[in-house]
1. Test of understanding: ordering 27, 76 by Cβ neighbours within 10 Å, fewest first, what list do you get?
2. Can you give the angle from 0 to 90° between the axis of helix 16-27 and the longest principal axis of the chain, with both taken from C-alpha atoms, to the nearest 10?
3. Using a Gaussian network model on the chain with a 10 Å cutoff between Cα atoms, which of 90, 34, 17 fluctuates the most?
4. Can you sort 6, 1 by how many other beta carbons sit within 10 Å, fewest first?
5. Please give the helix 65-74 orientation as an angle from the longest Cα principal axis of the chain, in degrees from 0 to 90, rounded to the nearest 10.
6. At what distance in angstrom do the alpha carbon centres of the stretch 78-111 and the stretch 30-70 lie from each other?
7. Among 85, 106, which comes first, then next, by fewest other beta-carbon atoms within 10 Å?
C-alpha cells in the first residue's frame, strides 16, 4: 500500500520506535535521505512524539478496497467497524496503529 498524503503528521506514541516501524512497514513511508531516523510522506516529515495521548489521523492511498483489505490482512490488522463510502467513489476504513491511535485509510472503491 502506497500512502500519498497523511494528516496530521505528528503521531503520539507510547513507544516511538515501535510506531516508527509500524508506519514504515505497513504504509511504506520512506526514510528521509538526509536523516535516516525520520520518515517522510508527501515530502514532509512525520514526527513521532512520546505521549499517552491518542488521536485519529487520515492516510490517503491509491489502492482499491480489495487491495487495502489484503494488505491489512497480510499485516494482521483488523478493520474497526464498517467501511464508509465517500465522495467521488472513495472508501474509508479504520484501523488501530501499534500505539492505539485510530487511522482512517481513504482509498478507491472497487470497480
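1. On the way: 27 21, 76 6.
So the residues, fewest neighbours to most, are 76, 27.
2. 30
3. 34
4. Details: 6 21, 1 18.
Fewest to most other Cβ atoms nearby, the residues stand as 1, 6.
5. 50
6. 15
7. Numbers: 85 10, 106 17.
With the fewest neighbours first, 85, 106 line up as 85, 106.
Rule-based calculations on the coordinates, nothing more; no lab input. Computed from a prediction, not measured in an experiment: that's the story for all the values here. Neighbour counts run over all protein chains shown; Cβ positions are idealised from the backbone, glycine included.
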